[in-house]
Amino acid sequence: MKILNFGSCNIDYVYKLERFVSAGETVSAKELSEHAGGKGLNQSIAAGRAGGEVYHAGNIGSDGLSLKKLLEDNGIHTEYLRIAPERTGHAIIQLDKNGENCIIVYSGANGLLNERQIDEILADFSAGDICMLQNETPCTSYVIEAAHKAGLRVIWNPSPMNEAVDRNKLALCSCVLINQTEGQYLTGKNTPGEIIRRFAALYPQTELVLTLGSSGSIYSGGGRQIRQAAFRAEPVDTTGAGDTFTGYFAACLSKGETIEEALRVASAAAAVSTEQLGAANSIPTIAQVNERLRTAQ
Ligand code: RIB
């Protein structure tokens, strides 16, 4: 089963700081480094490293050819990644001493995805394939409707959460992955249990994976709930951990693995990803994930 990912590609500028900048304040960064990122690219690479057959769709500028090469080096198909007359998207990431981040995203070429491009790409995919997307590219509602109509299984990680997320489209998704803050925004509820109950009442056909950082994750769907504990890690940078989880989870589903196995593998992958600086480059290979699963027994 193929995975078609309509997603962003960013160049991440990571500034290491003692603490995050406050309003009206100027602080000096201790270090600046440049990495490949973007929620879309990160999720494609994670799904590819997990063994999925992944097609990345979107737009970069001619200054982002290294991102295309990185995707290809990871076995991702890039024929649907257009080189557009616009600068590549980028992110400015503040990284504090605890490995936590604050992110500003500039969409750049990611913002050029349009309905015509989406239609042309979707025509090459068929019922049963997976369509994955986030919320860093435009036309998310259009993608979801068109993919659903064509019989694809839609896996949506509506992140970053904002007013562009159309709640009505959640019902057309096969599976939605969100964190607790995103869950609170979507359901108006606070605790994980309340979020899950409200989501199930509103979207009974849609499976939900609620990620809870160091408290693990919970799957809810078809009247079942499955809990997965987080794997222990020594984090230096949590950027991209959620993307790693989503990409690994989607790839496991595409290979016909059970939800229990997909949650376990995705959680281990996310934990390992936090132990290195950067987003895409910190996503572990399946061999590294298996090693973590083995040693964590
Ligand atoms: O989820 C992490 C990603 O968010 C970063 O790679 C950055 O590019 C932003 O899109």
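The values are calculated or read from the model by the stated rules, or taken from the named source; none is laboratory data. In this text, all values refer to a predicted model and were calculated from it rather than measured experimentally. Methodologically, a virtual Cβ is constructed for each residue, glycine included, from the backbone with ideal geometry; neighbour enumeration extends over all protein chains shown.
What to note about this one:
- Residue within segment 123-130 that is surrounded by 14 or more Cβ atoms within 10 Å (Cβ to Cβ) and over 23 Å from F245 (Cβ atoms) present: yes
- Selection status of Q228, more than 25 Å from N135 (Cβ to Cβ) and not basic (K, R): no
- Applying the set (1) within 16 Å of the ligand (Cβ to nearest atom); (2) surrounded by fewer than 22 Cβ atoms within 10 Å (Cβ to Cβ) to S141 leaves exactly one unmet item: (1).
- Looking across segment 266-293, the residues that are within 15 Å of the chain's Cα centre (by Cα) and buried (at least 24 other Cβ atoms within 10 Å of the Cβ) come down to A266, S267, A269, A270, S273, A279, A280, I283.
- Count - residues of segment 72-110 that are among the small types (G, A, S) and either in contact with a Leu (Cβ under 7 Å, 6 or more places away or on another chain) or more than 15 Å from the ligand (Cβ to nearest atom) (or both): 2
- Scanning segment 106-120 for residues that are more than 14 Å from A147 (Cβ to Cβ) and either free of Cβ contacts under 8 Å to residues at least 24 places away in the same chain or not small (G, A, S) (or both) yields Y106, N110, L112, N114, R116.
- Enumerated strands (runs of 3 or more DSSP E) restricted to segment 1-69, each holding at least 1 residues that are within 15 Å of the ligand (Cβ to nearest atom) and of a type in the set (S, T, Y): 10-16, 31-37
- The set of residues from segment 162-206 being touching a residue at least 40 places away in the same chain (Cβ under 8 Å) and either assigned to a helix (DSSP H, G or I) or within 16 Å of R227 (Cβ to Cβ) (or both) comprises L177, N179.
- Lone unmet requirement of (1) away from the ligand (no atom under 16 Å from the Cβ); (2) of a type in the set (A, V, I, L, M, F, W, C); (3) under 15 Å from the mean Cα position of the chain (by Cα) for A171: (3)
Table: residues versus (1) farther than 30 Å from G108 by Cα; (2) in contact with a Cys (Cβ under 7 Å, 6 or more places away or on another chain).
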| position | (1), (2) |
| --- | --- |
| A147 | no, yes |
| S159 | no, no |
| A164 | no, no |
| C173 | no, no |
| N190 | yes, no |
| L202 | yes, no |
| T206 | yes, yes |
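- Residue count for segment 71-110, restricted to those that are surrounded by fewer than 19 Cβ atoms within 10 Å (Cβ to Cβ) and assigned to a helix (DSSP H, G or I): 2.
- Qualifying residue in segment 1-18 (condition: modelled with pLDDT under 95 and either touching a Leu at 6+ places or on another chain (Cβ under 9 Å) or among the hydroxyl-bearing types (S, T, Y) (or both)): yes
- For beta carbons closer than 6 Å, sequence separation of 6+ or different chains, a first residue in segment 234-255 that is without any contact (Cβ under 8 Å) to a residue 12 or more places away in the chain and a second that is among the acidic types (D, E), there are no qualifying pairs.
- Within segment 167-212, the set of residues being loosely packed, with under 14 Cβ neighbours inside 10 Å and either at pLDDT below 95 or not hydrophobic (A, V, I, L, M, F, W, C) (or both) comprises R167, N168, T181, G188, N190, T191, G193, P204, Q205.
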